[in-house]
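Here the structure is laid out as structure tokens; the discussion comes afterwards.
Nothing in this text is a laboratory measurement; each read-out follows from the coordinates by a stated rule. Just so it is clear, the model here is predicted, and its values are computed rather than measured. When we count neighbours, we look across all protein chains shown, and the Cβ atoms used for this are built from the backbone with ideal geometry, even at glycine.
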Amino acid sequence: MFKTTKTIIWSGWLAIGIFAGLAPANSQSFASLPSVVVAAPVGGEARPLAGWAEFCRRTPGECAVDTSEPTVVTLTPRIWATITAVNRSVNGSIRAVTDEDHWGVADRWNIPTDGAGDCEDFQLLKRKLLAEQGLPRRAMRMTVVIDEKGEGHAVLMIRTSRGDIVLDNKTNAAQPWFETGYVFVKRESHDRIGWVSLGGATSPTVTANR
């Protein structure tokens, strides 16, 4: 049963790869994005989360930084359609479950090949799929925030020519970072394997909610 389910999930992701780059503009229009660059302010170095560090030891390619890649995605209507299609598709295909219920640990970062995961797992899959569509991984940075419940939460920040855009498993809307209502704590560096501060709050130790 597991193999069958896994095959269906991977087939669904393959379908995303086929249609995402060709997806038409949807109700979240490209024209509605800010016309000027609005980037999240970056400070000094920040300490990585233990779950991320362990994930990087298991899958170093997912954490590598290729400094030959651009740090910003040149956002076009076609790329915007790809981003929003992947965001919606992953949010709709992965079952939200806490790491405690899934793995019996407080925080485990993982690409959800079994079809279930929590917040960071959703975003890692989105980044993987978008990178396969040609977006530079260096411009897509895992980011830790404090959410509306006051808890640690992980989102994917895509640094673009129209500002920093956030993908989140709690909403299908791809939003400018400053419209999310979150407090931004830190994100992966685009210069090295490590993290930088976004100055918003004391860092949580885990991103454990769904």
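For Thr71, Thr180, what's the fewest-to-most ordering of other Cβ within 10 Å of each Cβ?
Thr71, Thr180
Based on the mean of other beta carbon atoms within 10 Å per residue, what is the order of 187-198, 75-86, most packed first? Spell out each step's value before the answer.
Working: 187-198: 18.0, 75-86: 20.1.
In descending order of packing, they fall as 75-86, 187-198.
State whether region 2-197 is rounded, prolate or oblate according to the following rule on the C-alpha gyration tensor (a ≥ b ≥ c being the square roots of its eigenvalues): a/c under 1.5 gives rounded; otherwise a/b larger than b/c gives prolate, and the remaining case gives oblate. List each step's numbers first, then the result.
Numbers: a/c = 1.42, a/b = 1.06, b/c = 1.33.
Rounded, because the longest to shortest axis ratio a/c is under 1.5.
For region 2-197, the number of Lys pairs separated by eight or more positions or lying on different chains, with C-alpha atoms closer than 23 Å, is 11. Each label point was placed 7 Å from the Cα along the Cα-to-Cβ direction; for Thr76 and Asn172 their separation is 2.6 nm. Figure legend: label point modelled 7 angstrom from the Cα of Gln133 along Cα→Cβ; residues of region 86-111 with amide N under 14 Å from it are 86-92. Ranked by the mean number of other Cβ atoms within 10 Å per residue, highest first, peptides 132-142, 156-166, 47-57, 110-120 order as 156-166, 110-120, 132-142, 47-57. If you take the beta carbon distance between Ser68 and Glu179 as r and set R0 to 35 Å, what does 1/(1 + (r/R0)^6) give as a FRET efficiency, to the nearest 0.05? With a Förster radius of 35 Å, E is 0.65.
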